[in-house]
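The values are calculated or read from the model by the stated rules, or taken from the named source; none is laboratory data. Since this is a predicted model, take the numbers as computed values, not measurements. Note: ideal-geometry Cβ built from the backbone for every residue, glycine included; neighbour counts use all protein chains shown. Protein only, heavy atoms only, side chains kept; ligands, DNA and RNA dropped before computing areas. Shrake-Rupley method; radii C 1.70, N 1.55, O 1.52, S 1.80 Å.
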Amino acid sequence: MSLFAFTRSPPAPRVVPSHVDLDLPDGPVRVAVKVEPRARRYSLRLPTGSDEPVLTLPKSGRIGEAVAFLERHRGWLAERLARRPGKVAFAHGAVVPLRGLDHRIFHRPDRRGTVWIDEIGGSPHLCVAGAEEHLARRLTDFLRREARRDIEPAVALHAGRLGVRASAVRLKDTVSRWGSCTAAGELSFSWRVILAPPFVLDYLVAHEVAHLREMNHSARFWRCVAETCPDMERGRLWLKRHGAGLHAYG
């Protein structure tokens, strides 16, 4: 008598598309799809500085359920997309804020490789010399230098008030956070904060410097921020309400 052993084939791997398309009143929108093992539920978000919404599934999620979730939130997504600021390229004639004050970009091809601020017709202008193809890079470099020029003294001021010391100060162009502090005492900031009013930069620096004393967001931490920056609430609310718009420039 012959015996035959049968084994059950393993289930086919679950296929999750990288994107799905959603029709909205203003036209179709491409939505990125990602699986997050630590997620407990479906979520939809519009990341700061990104052109693409993100639909997140938990590890056990099903794409059909995720798409149904997306459909239920199409109104929310349409509203958020409509409120998103449009891109402003660094180009001749564009208006860009610097320390909260609007400046118009004025290309000066007749001058050699520099950027300076000038008053033209009663309003401030960012004059950019050199070839047009280098304008955006030169202006970005200028704004980064201006950011460092304001951030480093602010770090020294708040660190002195709190009795702490930063081991390094770095500038980045992050979209998920405005600043960070490492356990080694290194502070990082988005250079784009130079576009905001000065009280915003002051709050952001005070926030990160306070982490040199309290590496958390406890009540003690917020007391540290208030100790060195009594006007912190104004800066915090400005970033919450208007910070996303700073990523539209450049």
Considering each of 124, 197 in turn, give the residue that is touching a residue at least 12 places away in the same chain (Cβ under 8 Å) and within 21 Å of residue 244 (Cβ to Cβ).
197
Those residues of region 158-172 that are within 27 Å of residue 117 (Cα to Cα) and open to solvent by less than 80 Å² (accessible area, probe 1.4 Å) come to a total of 2
Considering only residues of region 173-200 that are among the aromatic types (Phe, Trp, Tyr) and open to solvent by 10 Å² or more (accessible area, probe 1.4 Å), which is nearest to residue 217 (Cα to Cα)?
178
Quick check on region 141-160. Is at least one of its residues touching a Lys or Arg at 6+ places or on another chain (Cβ under 7 Å), farther than 22 Å from residue 91 by Cα and of a type outside the set (Lys, Arg)?
yes
Please state which of the following conditions residue 66 fails to meet, knowing it meets all the rest: (1) touching a strand residue (DSSP E or B) at 6+ places or on another chain (Cβ under 6 Å); (2) closer than 23 Å to residue 147 by Cβ; (3) surrounded by 13 or more Cβ atoms within 10 Å (Cβ to Cβ).
(2)
Need a quick list: strands (runs of 3 or more DSSP E) entirely within region 19-109 having at least 3 residues that are modelled with pLDDT under 90.
19-24, 27-36
In this structure, is residue 68 within 23 Å of the chain's Cα centre (by Cα) and among the small types (Gly, Ala, Ser)?
no
For region 86-109, give me the residue count where each residue is without any contact (Cβ under 8 Å) to a residue 60 or more places away in the chain and either under 22 Å from residue 248 (Cα atoms) or open to solvent by 70 Å² or more (accessible area, probe 1.4 Å) (or both).
13
Every listed condition ((1) more than 30 Å from residue 131 (Cα to Cα); (2) surrounded by fewer than 12 Cβ atoms within 10 Å (Cβ to Cβ)) holds for residue 112 save (1)
